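The values are calculated or read from the model by the stated rules, or taken from the named source; none is laboratory data. A quick note: this is a predicted structure, and the numbers were derived from the prediction, not measured. For neighbour counting, all protein chains shown are included, and Cβ atoms are generated from backbone atoms with ideal geometry for every residue, glycine included.
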Amino acid sequence: MPTIRDVAREAGVSVGTVSKVLNGRRVRPSTREKVEKAIKKLKYRPQMVSAGLLDQSPTIGLVIPSVSNPFFAALARFVEDEASRHGYMVLLCNTDRDPDKEKRYLKLLFEKWVAGIIVFAPLTTAADVEPIIERGIPIVAIEHRFAGSDADLISIDNAKGMKEAVRHLAGLQHRRIALVTGPLSRPCNQERLHAFQQELRALGIEPNPQYLRESSFEYEGGYHITWELLHLDPSPTAIILGNDLMAMGAMNAAHDKGLSVPADVSIIGFDDIPAAAQSRPRLTTVKQSIAEVGAEAVRLVLRREAERPVQLPTFTTELIVRESTGPCRDVLVDARVGR
Ligand code: RIB
């Protein structure tokens, strides 16, 4: 493992000058450039010295929007598992979808010279990650590409799962199907909305604009919008929510309105967080392979660090049918009265 002395020797400067560069103190731009070049060439990680971590525990930074969303909690778990399997520690940065926090965390990770960064941060821009890429720190984005940057990207096939969800509901004779998306500023939600509309049309159902809503990715968003949808006349007989947290809110909104899921209204989520299999009724949802995505993100960082070739994956999604979806109530009523 290279030391600060090796860097100084390689750059042809004193150890004190390397230390000044590392601590962000004033040095001539040409000197800074020489030191940074040497650091990159030797793959020197100064954090181990400053934090007294000479036990060889290099660190990967993980930037996520919401640690209280079980999807991201699960992702962090799987990233951590895979990282520690390879002897790496994880520095978890929770941004609360605040662009300033997101920028400050990226700066912190940059300054700490972490071994690599995994970013599930929809607000990050190419400008934010440029210095990181230039320094040669591997950076892997999950789901959201930073426009204009060539950071590695792990993509999720949002359309496949959404189309399966729509087909499943149509197969249960639902025609009045609503979709509550997460924020449409995020490409994953645009993809899910697009797939929803496309599949409805392919099945000969024209999407009803009143049934297309946008909300936050939070439980409360799912609850409030479902409450509104259930007060429409006619109300939808099935609702797809942008994530499982929103779907939990939707199931409670239906319950509070005195409706039963799925007898009165079918509900589908997206993600397959652990609680989806534990709720009552158990939630039908579009599964994302959170475990595989987390592990693959770590492996990509490590391959880049070792300068080995990488292949950027697209992870599939899959509908998991549980108890929150059932036959459309209108069809059952019609059948009972012999219409
Ligand atoms: O619940 C978190 C959601 O935000 C997931 O659906 C994920 O894909 C993300 O964008």
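Annotations for the structure displayed:
- Residues located in segment 98-126, provided they are basic (Lys, Arg), part of a loop (DSSP other than H, G, I, E, B) and modelled with pLDDT of 80 or more: none
- Number of residues in segment 231-267 that are among the charged types (D, E, K, R) and touching a residue at least 60 places away in the same chain (Cβ under 8 Å): the value is 2.
- Note on segment 300-322: among residues that are more than 30 Å from Ser279 (Cα to Cα) and under 17 Å from the mean Cα position of the chain (by Cα), the one that is surrounded by the fewest Cβ atoms within 10 Å (Cβ to Cβ) is Leu312.
- Positions within segment 96-128 being under 20 Å from Val298 (Cβ atoms) and touching a Phe, Trp or Tyr at 6+ places or on another chain (Cβ under 6 Å), in sequence order: Thr124
- Residues that are within 11 Å of the ligand (Cβ to nearest atom) and under 14 Å from Met246 (Cβ atoms) within segment 277-292 comprise Thr285, Val286, listed in sequence order.
- Within segment 291-321, tally of residues that are assigned to a strand (DSSP E or B) and out of contact with any helix residue (DSSP H, G or I) (no Cβ under 8 Å at 6 or more places or on another chain): 1
- Where a residue in segment 136-155 is within 14 Å of the ligand (Cβ to nearest atom) and its partner, wherever it lies, is of a type in the set (Phe, Trp, Tyr), with Cβ under 8 Å and at least six apart: Ala141/Phe120; Ile142/Phe120; Glu143/Phe120; His144/Phe120; Ile154/Phe315; Ser155/Phe315
- Boolean, Asp244 is within 16 Å of the ligand (Cβ to nearest atom), on the phi > 0 side of the Ramachandran plot and in contact with an Asp or Glu (Cβ under 7 Å, 6 or more places away or on another chain): no
- Only listed residue being out of contact with any helix residue (DSSP H, G or I) (no Cβ under 7 Å at 6 or more places or on another chain) and not charged (D, E, K, R), chosen from Asn208, Asn243: Asn208
- Among the criteria (1) in a loop (DSSP other than H, G, I, E, B); (2) within 16 Å of the ligand (Cβ to nearest atom); (3) at pLDDT 95 or above, the one Ser185 does not fulfil is (3).
- So His255, is it in a loop (DSSP other than H, G, I, E, B) and out of contact with any helix residue (DSSP H, G or I) (no Cβ under 8 Å at 6 or more places or on another chain): no
- Filter pass, Glu10 being of a type in the set (Asp, Glu) and modelled with pLDDT of 90 or more: yes
- Which listed residue, of Val90, Val79, Val140, is more than 20 Å from Arg32 (Cα to Cα), β-branched (Val, Ile, Thr) and part of a helix (DSSP H, G or I): Val79
- For segment 103-132, taking the residues that are surrounded by fewer than 23 Cβ atoms within 10 Å (Cβ to Cβ) and within 16 Å of the ligand (Cβ to nearest atom), the one that is farthest from Asn189 (Cα to Cα) is identified as Leu123.
- Scanning segment 263-299 for residues that are of a type in the set (A, V, I, L, M), under 13 Å from the mean Cα position of the chain (by Cα) and surrounded by fewer than 24 Cβ atoms within 10 Å (Cβ to Cβ) returns Ile290, Ala291, Val293.
- Yes/no for Pro58 being farther than 23 Å from Asp6 by Cβ, at pLDDT below 95, in contact with a Lys or Arg (Cβ under 9 Å, 6 or more places away or on another chain) and not aromatic (Phe, Trp, Tyr): no
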